[in-house]
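Structure record follows, encoded as structure tokens.
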């Protein structure tokens with residue numbers, strides 16, 4: 001393949017240093033492994049990177065007609081975006097600046113015939129909605145019949161101590 005598949009994410013409101021921690025380990029991974037890694041990653045940056053990966057995969061399928069099982073991450077680059085600057089008041093009339101950093105991500109996918117899956121994904125079969133409801137209804141009707149519960153049930157006796165010792169004086 002001559003042209004790689006490129007997907008970009010701009011103005012992500014997470015600092016580039018933090019995004020690079022999640023993105024650095026994805027290089028040269030097959031897309032299925034990268035997706036599994038990102039789903040299990042606890043970092044906040046994993047969610048937008050996963051969305052970007054899904055976008056790149058769908059670009060490869062729809063625009064270039066590429067098989068997803070042969071795709072791998074050729075390059076993932078995290079660049080610094082613009083900083084929005086804010087001020088916070090400090091003592092004696094001074095102030096400190098707060099820089100809210102943003103990131104630009106560029107994800108490049110390529111095709112390789114050497115990719116062999118390290119593991120297989122288990123796909124749960126979808127249950128039919130109508131059949132499960134009918135089974136539940138039958139199970140309820142076949143079960144034991146309920147006795148009517150009376151609205152007024154006698155309260156258990158509290159005992160002598162509760163009568164004698166009260167926290168508040170009446």
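Name the residues in the range 34-57 that are surrounded by fewer than 17 Cβ atoms within 10 Å (Cβ to Cβ) and out of contact with any helix residue (DSSP H, G or I) (no Cβ under 9 Å at 6 or more places or on another chain), would you? Once the filter is applied, which keeps residues that are surrounded by fewer than 17 Cβ atoms within 10 Å (Cβ to Cβ) and out of contact with any helix residue (DSSP H, G or I) (no Cβ under 9 Å at 6 or more places or on another chain), the range 34-57 yields 36, 42, 51, 55.
Enumerate the strands (runs of 3 or more DSSP E) found wholly within the range 52-170, keeping only those where 1 or more residues are at pLDDT 80 or above and farther than 30 Å from residue 31 by Cα. Walk me through how you get there before you give the answer.
On the way: elements: 71-80, 84-89, 95-100, 103-111.
The qualifying strands (runs of 3 or more DSSP E) are 84-89, 95-100.
I'd like to verify a number: residues in the range 80-94 that are in contact (Cβ under 8 Å) with a residue 60 or more places away in the chain and either over 27 Å from residue 17 (Cβ atoms) or touching a helix residue (DSSP H, G or I) at 6+ places or on another chain (Cβ under 8 Å) (or both), how many? Qualifying residue count for the region: 2.
Can you tell me which residue in the range 37-50 is nearest to residue 77 (Cα to Cα), limited to those that are in contact (Cβ under 8 Å) with a residue 24 or more places away in the chain and in a helix (DSSP H, G or I)?
Taking the range 37-50 as the starting set, the residues that turn out to be in contact (Cβ under 8 Å) with a residue 24 or more places away in the chain are 43-46, 48-49.
Remaining after also requiring in a helix (DSSP H, G or I): 46, 48-49.
Details: 46: 14, 48: 14, 49: 11 Å.
Only one residue tops the list, namely 49.
Residues that are in contact (Cβ under 8 Å) with a residue 60 or more places away in the chain and touching a helix residue (DSSP H, G or I) at 6+ places or on another chain (Cβ under 8 Å) were ranked within the range 66-79; the one that is surrounded by the fewest Cβ atoms within 10 Å (Cβ to Cβ) is 79.
Return a yes/no flag: does the range 87-107 have any residue that is more than 23 Å from the chain's Cα centre (by Cα), under 24 Å from residue 52 (Cβ atoms) and surrounded by 14 or more Cβ atoms within 10 Å (Cβ to Cβ). Scanning the range 87-107 turns up no residue that is more than 23 Å from the chain's Cα centre (by Cα), under 24 Å from residue 52 (Cβ atoms) and surrounded by 14 or more Cβ atoms within 10 Å (Cβ to Cβ).
The values are calculated or read from the model by the stated rules, or taken from the named source; none is laboratory data. Just so you know, these numbers come straight off a predicted model, no measurement behind them. All Cβ positions, glycine included, derive from the backbone under ideal geometry; neighbour counts span all protein chains shown.
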